[in-house]
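Novice: Here you go, one structure.
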Amino acid sequence: MTFTFVILGVVTLAGAMAAMSLRNLVHCALCLVAAFGGLAGLFLQLDAQFVGLAQILVYIGAVAILIVFAILLTRGSESPQQPIVAGRWLMGVAVAALTFGSLMVSIVTSTLISSANGPKPNVAADISVKKIGAKLMTEYVLPLEVVALLLTAALIGAVIIAMEEQARLAPEGSQSH
Amino acid sequence: MTDVLDQIFILLKHWVLGWPCWPDSLRPILSVLLSIVPLMLVFALLFGIATVVERKAIGRIQNRYGPNRVGLPFTDIRLAGFGQFIADGIKALTKEDIVPRAADKVVHFLAPVALIVPVFLAYSVLPYGRNMTPIDMDAGVLFFFAAGAATELSVFMAGWASRNKYSLLGAMRAIAQMISYEVPLIISTITVVMMVGSLSTVKIVEAQADYSGQLPHWHVFTPWGLAGFILFMIAAMAESNRSPFDLPEGESEIVAGYFIEYSGFKFALFFLAEYLGMFAVSGLAVTLFLGGWTAPLAFLSWLPSWLWFFAKLLALISLFIWVRGTVPRLRMDQLMNFAWKFMLPMALINIAAAGLWFFLPAGFDRWAVCSAMLIVPYVLLGRGLMGGKLFTKRTYRYAE
């Protein structure tokens, strides 16, 4: 456990905890971004450059902006009056415990851990951005294309929903002028 | 001698590191500091000088003098006004820091800091000269864009935390613009990554380091490279919120945009971040299209590599200033239409042209085919977007 790992871990955990417990939703979103950033740092520290940088590009650059705009455009950024701890916290604890347990089991039983006593395979040095790109373009080209198709469909769907609303509003708008 | 001059900064660093007074545990940190601190100082100084140059150049374009008074303090030396940035810096430091009562104090304070950090991070992957890349990362270009993506949230933080309608509007404009122009920016970069086959900035420069005769193999001297360079520079101007894409500031409509409620040194930090972002993206343009630190003609290679990088960087900064002085600001709908209806299709066509360039045999045919592939859509898109309107010389009703 190195010094950088401690810093990044603290940032990630503190950010996640603050994201859960703060009252102002925009503050929560910003703390979540800190957690994302810490996570990206952890990936980079493990030499997983592509995952780390994609984490920053996608989560901090796009998802965080989306969350923040969703908050601003829906409920407003005023602090809610209800208590922080929701009534159904028991359920939340159960879900969290279940998730943690399933992750734990899959990690502990994985082959990487079971060979921990022997010489560890150097996974990080093997995964360069170039290799990931090559794999995506050869072995995993079909899943990639399917994802691309799905995203394009979602994009067109979003545009159509937005356009319909405009068409419906247009006659009313022209009357009121 | 030329080799020593070329590597002088690396030799200096190793010389300082070799001093016996450092304990061994400190050396790695010292090595990092010796790479970072000079860069930060050089670019902060360049920021200061660029502000004066910009004000003087725009003054000339607008038929006035610009700053020409302040020179060295306590002397009569004027330096043609180039001491202005020192006076500005002192002024920014000593001004009162006003925070609105309704503002979100913590986020308001953090926003300029969160903006300046990723901007500086982007500098860590640029090759400033031969062997002068702070971090030679396998995914350098990706790192640059990841750092750039992190600035958008800081802009939102500034706009939201000020609790001011204008600042929030400015932040929304800035984010919409940054997200829209990030797409053509990255797509025009992809052509270079495709041709070089690497995301490493060092490898991209090395791929352009050859000469045929006296002429260099820069990417800008190919049809796809030229189109990519122009698209990249336009998108870079929009990314760094420079005129003609300075709608987020829009003095005539929303006063100053997202940093309206900032004063004193925090305002200076926003200013600094804007300029440093411009320098960084110009540095990337130099790396991607203008051959990085390589000399423009083979017989000029004896000059130090870092000198060429900074010469090209300054040339691009002058281009930014020139464009700012000559082109009027766009409207919001023009901005969005330009990004999605013109820049994006051209950038996508450019990828196809680059692919074709790669597979066709070298020669005149390759030039003709790839140029036609770019010029024809350019003309058609341009004509189509004009919407059948005929633009002639503008006539003014009252201002003749």
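The values are calculated or read from the model by the stated rules, or taken from the named source; none is laboratory data. Keep in mind the model is a prediction, meaning the values are calculated, not measured. FYI the Cβ positions are ideal-geometry reconstructions off the backbone, even for glycines, and counts take in every protein chain you see.
Novice: Keeping to the range A:2-23, report how many residues are out of contact with any helix residue (DSSP H, G or I) (no Cβ under 9 Å at 6 or more places or on another chain) and within 14 Å of chain B (Cβ to nearest Cβ).
Specialist: So the count comes out to 2.
Novice: Here is a further query. So which residues in the range B:155-169 are at the interface with chain A (Cβ under 9 Å from one of its Cβ atoms) and crowded, with 24+ Cβ neighbours inside 10 Å?
Specialist: Scanning the range B:155-169 gives B:PHE156, B:MET157, B:TRP160, B:ALA161.
Novice: Any idea which of (1) at pLDDT 85 or above; (2) within 11 Å of chain B (Cβ to nearest Cβ) is the one A:GLY61 doesn't satisfy?
Specialist: The failed condition is (1).
Novice: Moving on. Only one of B:ALA103, B:ALA146, B:ALA111, B:ALA80 is within 12 Å of another protein chain (Cβ to nearest Cβ) and farther than 16 Å from B:PHE265 by Cα. Can you tell me which?
Specialist: B:ALA146
Novice: Quick check on my filter: what residues within the range B:114-143 are within 11 Å of chain A (Cβ to nearest Cβ), more than 29 Å from B:GLY197 (Cβ to Cβ) and touching a helix residue (DSSP H, G or I) at 6+ places or on another chain (Cβ under 6 Å)?
Specialist: B:ALA114
Novice: May I ask you to verify whether B:SER243 is out of contact with any helix residue (DSSP H, G or I) (no Cβ under 8 Å at 6 or more places or on another chain) and modelled with pLDDT under 85?
Specialist: no
Novice: Suppose we filter the range A:44-54 for residues that are in a helix (DSSP H, G or I), more than 10 Å from A:LEU8 (Cα to Cα) and either over 14 Å from the mean Cα position of the chain (by Cα) or more than 9 Å from every other protein chain (Cβ to nearest Cβ) (or both); how many remain?
Specialist: 4
Novice: Which of the residues belonging to the range B:33-62 are small (Gly, Ala, Ser) and in contact (Cβ under 8 Å) with a residue 60 or more places away in the chain?
Specialist: B:SER35, B:ALA44, B:ALA50, B:ALA57
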